[in-house]
Structures are given as structure tokens and as C-alpha cells.
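Read through the structure below, which is laid out as C-alpha cells, and then see the notes.
Every read-out reported here was derived from the displayed coordinates using simple, explicitly stated rules and does not represent laboratory data. The shown structure was predicted, so the numbers you read here are calculated from the model rather than taken from an experiment. Ideal geometry is used to build each Cβ from the backbone, glycine not excepted, and the neighbour counts take in all protein chains shown.
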Protein chains: 2
Amino acid sequence: MNKNITMKDIADQIGVSTVTVSKALNDKEGVSDELKARIKAIASEMGYRVNTVARSMREGLTYNIGVIIPERFTGPDQSFYLRVYQEISKGLEDYGYYGILHILSSSDEQAQQLPRIYYDRKVDGFILLGQIGKPYIEIMHAIEPPILFLDFYDDHSDIDAVVSDNFYGAYELTNFLIRQGHRNIAYVGSLHATSSIQDRFLGYYKSLLEHHIALRQDWVINDRNEHGNYLDIEIPDELPTAFVCNCDQVAYLVVQKLQGMGYRIPDDCSVVGFDNDIYATLTVPHLTTVEVNMKQLAQTSIQSILSKISTPDTKFGRIVVKGKIIYRSSVAKI
Amino acid sequence: MNKNITMKDIADQIGVSTVTVSKALNDKEGVSDELKARIKAIASEMGYRVNTVARSMREGLTYNIGVIIPERFTGPDQSFYLRVYQEISKGLEDYGYYGILHILSSSDEQAQQLPRIYYDRKVDGFILLGQIGKPYIEIMHAIEPPILFLDFYDDHSDIDAVVSDNFYGAYELTNFLIRQGHRNIAYVGSLHATSSIQDRFLGYYKSLLEHHIALRQDWVINDRNEHGNYLDIEIPDELPTAFVCNCDQVAYLVVQKLQGMGYRIPDDCSVVGFDNDIYATLTVPHLTTVEVNMKQLAQTSIQSILSKISTPDTKFGRIVVKGKIIYRSSVAKI
DNA sequence: CTGAAAGCGCTTACAG
DNA sequence: CTGAAAGCGCTTACAG
């Protein structure tokens, strides 16, 4: 079926020039409506498909966006970022763009090796999905194509970022616990691991402050080491009545741990998560959590990176996408 | 940093022609070693990056592969295909290729609407990941770029396919159950839903036949409707001693259901799954299952589609990738 | 070993 | 309203 029909073939067929065909097919001015219609009809009849490569060369744009995800966020039990990528990829199509995924291996990250899509000039811009090492940020910052951080940020550089509202999400979730009568509330998450964990912690802390509840360092519990690998979570000797976990997966682990120790959730202890991912409903009882608006995260990123491509000096700073609390049965009123 | 350095810039810098630069950078014959080294040094110094778009236009290749996944396989609790895509995408880079993901919406599938990457000539070939409707297969079959089915096949068309060894996997798993003393073994999976479910069923059936165990129709249990949506699984009145489930997620549901009815797994009833995905270890007890060799599935697909691109009439037929049984604690000896 | 010429398929700026 | 010319950056086939 229709091997390699070009504008020239259509032009020859009707006896016009390729210029006219190009104008007609792209709805540009300067072709009579009648001729335009005829060209379009013939094009479709001949099974014409644009050669976007030729267009790309002419315009100096690839119509591709590179989406970079550090390998450590793509383990068998973490599909959130892959899903975000999926949304981005789907959303980009509406703009005639495509998303090319690059999983950044830990060794490349260490060695500050830029992805092949960069050296191949395969993309017009990059979305970095997930916290990445500082040195790597620096080299990405130095390259020419525009870049955007997604789901994290770094204050020492002036790169635009799209993040979900970790701070207010955790703040409101903690407020909710307090309204349910809790005052002994722990936070689970290693504060130096990612900016998300840090911001969620600060939201939790703000809620405590507003309610004049003292922060207890022994109730701020590490969940992962500096490589991002999960630790065995240590339940404090003096049990709080509620745990604010920095993500659903960790909430799932906390619930398992507590149940293993004989506690009933939420009767003996309440647990909340963050993300509303698969772990929220795998946990029994299902978790009260914060739903990140993934579609909007994707849409906002797409619009930001595309406008940075079309208008190189565009700056957005940090764009925050709101989440919402999903109420389920992991919290008891006391 | 280095905006748009071209071969011409390098050529001008040294005072040679672009032809020589091209030959040097691509390690082609016809440049003295000395000059080649000098050109490479200058290129790297100037921060030269190839313009693959120009190369693509010249060669008529995009160096992209389209990976199409039907939307219904990408729900929040199904990440298997996304992971396969990730493997493919990673593996393609070693060949200078990239994978462009296209999620085929159910409406496009219905309307037999080909993906935009097709009309945009964005890819040199397609990998169809996951069972797709017959009419859609027909239209994909009719297009010019080579296509490959991954993880399913269709015998009425002559399209190459890479599949995991569903038949022998289920066969060996059932043999194992029988060796553990089971003779009352049910199969869970809707036989007309996908070729995988069908083949796994036939492997199970072959094992029964070999052991002279009669197939009981009431022990072949539906798990999904014709749209692929999960049904509430009906546990038969007369309980078998073991369930062979067509995938881990369904095994997880079966275990939940049985436990909800008061049965202990594996003491009262054994359950096995297939895939060794996240559900295998989320299920308590962890599932004995068949691990699909995802990396090899990806590698084989990559090699197949690339050789179909370079040698258009290459045919492979159906390539089967072996799996292996993972023994865990969901099976009891009786 | 080195380079001038042609061409991949498109689009833009300009001329008629 | 229509088209001839130029050019995007590369590579191949050919000539020297």
C-alpha cells in the first residue's frame, strides 16, 4: 500500500507545483478553495502521508520531547512515573509532539553521562521526571535545549518545575487527623531523600504548629536510605495514634508492620498515605490519602515545555498542581 | 552552549570538506587516520552533535519504532505492558533506535483509526503489544511499515509474533501441582478473551490429559467479560484442591475471595498464578507462578522488528520465549 | 586520501 | 492565485 507518496507525486498527478500542494495540505493562504479541495482529495486517495522528517529538517524542530526518569523510580513496585510518562506521551500527541522515554541508569547518572537522545538531537526539550542528583542537574542545566523538572525541584538552579502540591496536601491531611481527635501524630519519611518528602513533612509540621502540638523527633521516622532503598521501618516504642506516611507504598508497609505487631488499623492506630496509587487500595483497610492530579501534572508540563521551546526565554518558576484528599477507612475518630 | 554546530562548521574550522568530516565521524574509509583523529577531536571540542534528522531524511529511516498498547491494558493496576515498553525502549537505544509509545484508545480501536505516528511517518515499524481486535489487526496488516505482535498472536494473519511460552508454562505448573498430590484442579480464565489465556488453559488441559484426569467444565471459571473487565469470580460449590489462575492478578483475587469465605491458603486450597508480577508477592501467601522473561521478550522483539526493517521480507512466524516456575508458598502437598 | 555535486522531501520568501 | 528557487544537514556515488 502506497509506498512513499510525496508531494511531488500529488503535484504531478494534478499538474501543479509542490509549493501549491504544500500550501493546500497545510491550509496556508494562496490556493483557491477549489484547488485546495481537489489536492486534499487526491492526497487522501493516493494515501499520502507527510514526511515529518523533511519538515523537521526544514524547521529545525524534531517534534519530540525527551522524558527522563531515573532508573531507581522504575522498580517493579513503582509504576507512578511510568504512568505519568504515559499521560505525557498521550497528551503530547494533541500538539503533534511525541514523548521519547529515557530511563537514566544509576551509572549514567553517577558518571554524568547525558542521554543518547541529547547527542542524537532527537528531541526539542527535556522533562526530567523525578529527583535527580545535583551534579546531573548541573550538566542538564548547561545544555542548550530547554528542560523542565517534573515532580521535584531544586532551588539552587533556576530551572522551571511542575510539582504537585505536597505541602498543602500533607498540611490538610494532618489537619484532618487532628479534627478526628488525633494529637500524637508521627511522620514517616526520610527528610533528605527527596524534595517531595521534605515538603510533605513541612506541611505536616505546619499543621502541628498551628494546633500547638510539639514536633517529636522520635516520631519522625526514616523510611529509606540515601540511595532511596526502603529500610525496615522502626515503629517507635511509644506508639502515636496516627502515622502520616509520605507515600502510599510506605503507608502499606507501615500498616503491614503494625498489623504484624498485633495492632488493628484504624482501631488501635490510624495511617494515612499520599499519592492514591495502587497501594492505597491494596492496603487493608484502604488508605485515606491525597490524590495527585496526574493528568493535570502531565498537561501542565506539556504546555510549559512547549512554550519554552517556541519562546526560548520563557520562565515559569515553580508551578504547583493541586491534589485532593480521598477519604477511606484507615483513619479512626478518637 | 554550542548552538547548532554542523559538519560545515567543523570543516571550515580545519579547512576540509564536509564529506571528509562525515567520513571521519562515521569511521568510513577514505580519511587518513591522522586527519580523522583531528576531526574527531575538534568535533568533540566544539560540542558537535549529529543531526539525526538530516541523516534520517537522507536514509529514509526515522530510527524510531512505534509501540502500540491498547488502552485497556494500561489501567492503574496493570503495569506489565508499560514495563515491557520500558524494556523495549531501553533495549532499542543500543541499536540507535528509540521507541515511541502510542496508547491505542478503545474508541480509535473501534473506529479503526490508525495512530498518528503512522500518518506522520514517525516510525520505521510497529510493535503491537497486547491482543487487539481483529478488524484492527486487518488494517495494521495492510500498512506498509513492518509490524510485529508481542505477547499475542493471530493465526488468521501471517504477522510475526513474539510470545511467552504460555502453553508449556501452564503445562509444567499443572504438572507440579499433580506431583504435589492434587487431582482436583480448576482453571480460572475466560478462554475467549485472549490467546494467552487460551494457551495457558491448553497447557493445563494437556497436563490433565497426560495424567488421565478428566476436565470438568464447571472447574473452568470465567474471570472477565468480553471487554476484558474482571468479573466477580465464582468459586464452584464443590471446591477443587487447587486453582490454576491465568495470571497473578486473578490469583490474587481468587485468594482474597477464598480467604473471605474462610479458607486458608494453601492448607485448604492451593493457588498458582502466572506472570510473576507485583501481585505474586502482594498476595499472602506469596504465589507460586511462572516468570515471564520480560527482558528476553523485549530483546527478541527488538531484533525481529529491526531485521524486518532492514530486510523487508523477513518472516519469523511465532517466536516463543521460555519462562520459568517460581516456587513460593501458595501450594501445599497433599 | 580528498572533495564537488546531487538529492532526501519539505517550506518559506519572493516574484509574477 | 500560482510557482521557481533556495536551503535545512547530512551521505553516497563518483571524479580526481
Residue ID - nearest to the other protein chains (Cβ to nearest Cβ), chosen from residues in segment A:39-59 that are more than 9 Å from DNA strand D (Cβ to nearest atom) and among the hydroxyl-bearing types (S, T, Y): A:T52
Considering only residues that are near DNA strand C (Cβ under 9 Å from one of its atoms) and surrounded by 15 or more Cβ atoms within 10 Å (Cβ to Cβ), which ones fall in segment B:15-38? B:V16, B:T20, B:V21, B:S22, B:K23, B:A24, B:V31, B:L35, B:K36
Return the residue satisfying two criteria in turn: it lies in segment B:61-78 and is more than 7 Å from every other protein chain (Cβ to nearest Cβ) and polar (S, T, N, Q), and of such residues it is nearest to DNA strand C (Cβ to nearest atom). B:N64
Output the residues belonging to segment A:260-308 that are polar (S, T, N, Q) and touching a Lys or Arg at 6+ places or on another chain (Cβ under 6 Å). A:T288
Sole exception among (1) within 14 Å of chain A (Cβ to nearest Cβ); (2) touching a Lys or Arg at 6+ places or on another chain (Cβ under 8 Å); (3) under 22 Å from B:L191 (Cβ atoms) for B:N246, by number: (1)
Restricting to segment A:1-38, name every residue that is within 14 Å of another protein chain (Cβ to nearest Cβ) and either away from DNA strand D (no atom under 11 Å from the Cβ) or assigned to a loop (DSSP other than H, G, I, E, B) (or both). A:M1, A:N2, A:K3, A:N4, A:I5, A:T6, A:L25, A:N26
For segment A:79-126 the number of residues that are facing chain B (nearest Cβ under 7 Å) and touching an Asp or Glu at 6+ places or on another chain (Cβ under 6 Å) is 2
State which residue is farthest from DNA strand C (Cβ to nearest atom) when the search covers only segment B:39-60 and only residues that are under 26 Å from B:D124 (Cβ atoms) and loosely packed, with under 12 Cβ neighbours inside 10 Å. B:E59
Filter result (touching a residue at least 60 places away in the same chain (Cβ under 8 Å) and among the acidic types (D, E)) within segment A:167-220: A:E172
Hey, which of the helices (runs of 4 or more DSSP H) in segment B:40-136, taking only ones fully inside, have at least 3 residues that are on the phi < 0 side of the Ramachandran plot, touching a Leu at 6+ places or on another chain (Cβ under 9 Å) and in contact (Cβ under 8 Å) with a residue 12 or more places away in the chain? B:80-93
Scan of segment A:160-215 for residues that are assigned to a helix (DSSP H, G or I), under 20 Å from A:L253 (Cβ atoms) and touching a Lys or Arg at 6+ places or on another chain (Cβ under 6 Å), ordered by number: A:N166, A:A170
